Amino acid sequence: MRTHRKIIAGTTSAVVVAGFAAWGIGYAASAPKPGPTPTADLGAGPAIAETNPSTGRKVKADALDNVEKGPGQQAGLFDEQTKTSYFTIEVTDSEVVDDCTPRVGTDKLRPIRTAFLVLEVSASLADSVAEKAGGGPEDLFMPLVAEAFSVSNPGGEVDRNVTSETAWGCFDDAQLLPPVVNPGQSVSGKVGLDVGVPRGRVAYDPEDNGGWSWPYGG
């Protein structure tokens, strides 16, 4: 079984919270105490589950250990012992467009690359995450900014350069996903990416050590 780890980073610490399982939910092992820096070597985390605990279906992960999800399928972090979800994330919809409504002004914005990839994302982080991860709730969050995402083309080539000034300027603040989700919160909104390929998979992988991916562009 592969090993996998996901980092929840705070202002003064980084802690291993859980591994991944089939539907994007993994199981939590005993986490080390928060370290002095977010880049400390925390060692191998829990192994990826072989099957989805909800459906029994085999887990499929790509070469980068991103668990592959279907359209609208939820992902997250799960403790198999307590059957508790600590973090969930879902790309509920995606659209490839040639322009976007600006946050400021009236002129449509256009991508620097091929197209804008507009994601509708929902995410939640449990109040109880501090019990598993250690540290205080004020130090724990999951990032939801554009930099937490990457795309890959149908051939599997990954592009983490999905941000641009124009993508950042898309949409009113009220429409946008918050930059982080904190313990006890459930949030939803848009994330605008500037992508070079109009079709492929978009991954949520903020630490570049494995996450989850969804198809986009048909």
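Is it the case that some residue within the range 160-167 is of a type outside the set (Phe, Trp, Tyr) and free of Cβ contacts under 8 Å to residues at least 40 places away in the same chain?
yes
Does Leu77 fit the bill of being more than 28 Å from Phe171 (Cα to Cα), modelled with pLDDT under 90 and among the hydrophobic types (A, V, I, L, M, F, W, C)?
Numbers: more than 28 Å from Phe171 (Cα to Cα): yes; modelled with pLDDT under 90: yes; among the hydrophobic types (A, V, I, L, M, F, W, C): yes.
Against the criterion (more than 28 Å from Phe171 (Cα to Cα), modelled with pLDDT under 90 and among the hydrophobic types (A, V, I, L, M, F, W, C)), Leu77 qualifies.
Can you name the residue in the range 154-169 that is in a loop (DSSP other than H, G, I, E, B) and among the hydroxyl-bearing types (Ser, Thr, Tyr) and is also surrounded by the fewest Cβ atoms within 10 Å (Cβ to Cβ) among such residues? Walk me through how you get there before you give the answer.
Going residue by residue through the range 154-169, those that are in a loop (DSSP other than H, G, I, E, B) are 154-157, 160-164, 169.
Now narrow it down to the ones that are among the hydroxyl-bearing types (Ser, Thr, Tyr): 163-164.
Working: Thr163: 16, Ser164: 19.
Ranking the qualifying residues of the range 154-169, first place goes to Thr163.
Hydrophobic (A, V, I, L, M, F, W, C) and surrounded by 20 or more Cβ atoms within 10 Å (Cβ to Cβ): does that describe Ala130?
Working: hydrophobic (A, V, I, L, M, F, W, C): yes; surrounded by 20 or more Cβ atoms within 10 Å (Cβ to Cβ): no.
No; evaluated as a whole, the condition is false for this residue.
Residue check, Gly217 against (1) surrounded by fewer than 20 Cβ atoms within 10 Å (Cβ to Cβ); (2) more than 17 Å from Arg113 (Cβ to Cβ), all met but one. Which one?
Going through (1) surrounded by fewer than 20 Cβ atoms within 10 Å (Cβ to Cβ); (2) more than 17 Å from Arg113 (Cβ to Cβ) one by one, Gly217 breaks only (2).
For Pro215, state whether it is part of a loop (DSSP other than H, G, I, E, B) and not β-branched (Val, Ile, Thr).
It is false that Pro215 is part of a loop (DSSP other than H, G, I, E, B) and not β-branched (Val, Ile, Thr).
Using the structure shown, decide if Leu109 is surrounded by 18 or more Cβ atoms within 10 Å (Cβ to Cβ), under 27 Å from Thr163 (Cβ atoms), touching a residue at least 24 places away in the same chain (Cβ under 8 Å) and touching a strand residue (DSSP E or B) at 6+ places or on another chain (Cβ under 9 Å).
Details: surrounded by 18 or more Cβ atoms within 10 Å (Cβ to Cβ): yes; under 27 Å from Thr163 (Cβ atoms): yes; touching a residue at least 24 places away in the same chain (Cβ under 8 Å): yes; touching a strand residue (DSSP E or B) at 6+ places or on another chain (Cβ under 9 Å): yes.
Against the criterion (surrounded by 18 or more Cβ atoms within 10 Å (Cβ to Cβ), under 27 Å from Thr163 (Cβ atoms), touching a residue at least 24 places away in the same chain (Cβ under 8 Å) and touching a strand residue (DSSP E or B) at 6+ places or on another chain (Cβ under 9 Å)), Leu109 qualifies.
Return the residue satisfying two criteria in turn: it lies in the range 115-152 and is among the charged types (D, E, K, R) and in contact with a strand residue (DSSP E or B) (Cβ under 7 Å, 6 or more places away or on another chain), and of such residues it is farthest from Ile89 (Cα to Cα).
Filtering the range 115-152 for residues among the charged types (D, E, K, R) gives 120, 127, 131-132, 138-139, 147.
Next, from what is left, pick out any that are in contact with a strand residue (DSSP E or B) (Cβ under 7 Å, 6 or more places away or on another chain): 120, 132.
On the way: Glu120: 11, Lys132: 18 Å.
By that ranking, first place goes to Lys132.
Among the residues of the range 119-153, which ones are more than 30 Å from Pro198 (Cα to Cα), assigned to a loop (DSSP other than H, G, I, E, B) and touching a Phe, Trp or Tyr at 6+ places or on another chain (Cβ under 9 Å)? If you could, list the steps in order and put the result at the bottom.
Start the filter on the range 119-153 by keeping residues that are more than 30 Å from Pro198 (Cα to Cα), which leaves 125-141.
If we keep only those that are assigned to a loop (DSSP other than H, G, I, E, B) too, we end up with 126-128, 134-136, 140-141.
Listed by number, the residues that qualify are Ala126, Ser128.
Residue under question is Thr92, and the condition is that it be surrounded by fewer than 17 Cβ atoms within 10 Å (Cβ to Cβ) and either touching a Pro at 6+ places or on another chain (Cβ under 6 Å) or hydroxyl-bearing (Ser, Thr, Tyr) (or both); does it hold?
When the stated conditions are applied, Thr92 passes them.
Taking only the range 145-178 into account, find how many residues are under 14 Å from Pro111 (Cα atoms) and touching a Gly at 6+ places or on another chain (Cβ under 7 Å). Give the derivation first.
Of the residues in the range 145-178, the ones under 14 Å from Pro111 (Cα atoms) are 161-171.
Among the residues that remain, those that are also touching a Gly at 6+ places or on another chain (Cβ under 7 Å) are: 167, 170-171.
Of the residues in that region, 3 qualify.
At pLDDT 90 or above and either surrounded by 18 or more Cβ atoms within 10 Å (Cβ to Cβ) or in contact with a His (Cβ under 6 Å, 6 or more places away or on another chain) (or both): does that describe Val97?
Working: at pLDDT 90 or above: yes; either surrounded by 18 or more Cβ atoms within 10 Å (Cβ to Cβ) or in contact with a His (Cβ under 6 Å, 6 or more places away or on another chain) (or both): no.
Against the criterion (at pLDDT 90 or above and either surrounded by 18 or more Cβ atoms within 10 Å (Cβ to Cβ) or in contact with a His (Cβ under 6 Å, 6 or more places away or on another chain) (or both)), Val97 does not qualify.
The values are calculated or read from the model by the stated rules, or taken from the named source; none is laboratory data. Predicted, not measured: the structure shown is a model, and the values here were computed from it. Because the Cβ atoms are built from the backbone with ideal geometry, glycine has one as well, and the counts that use them run over all protein chains shown.
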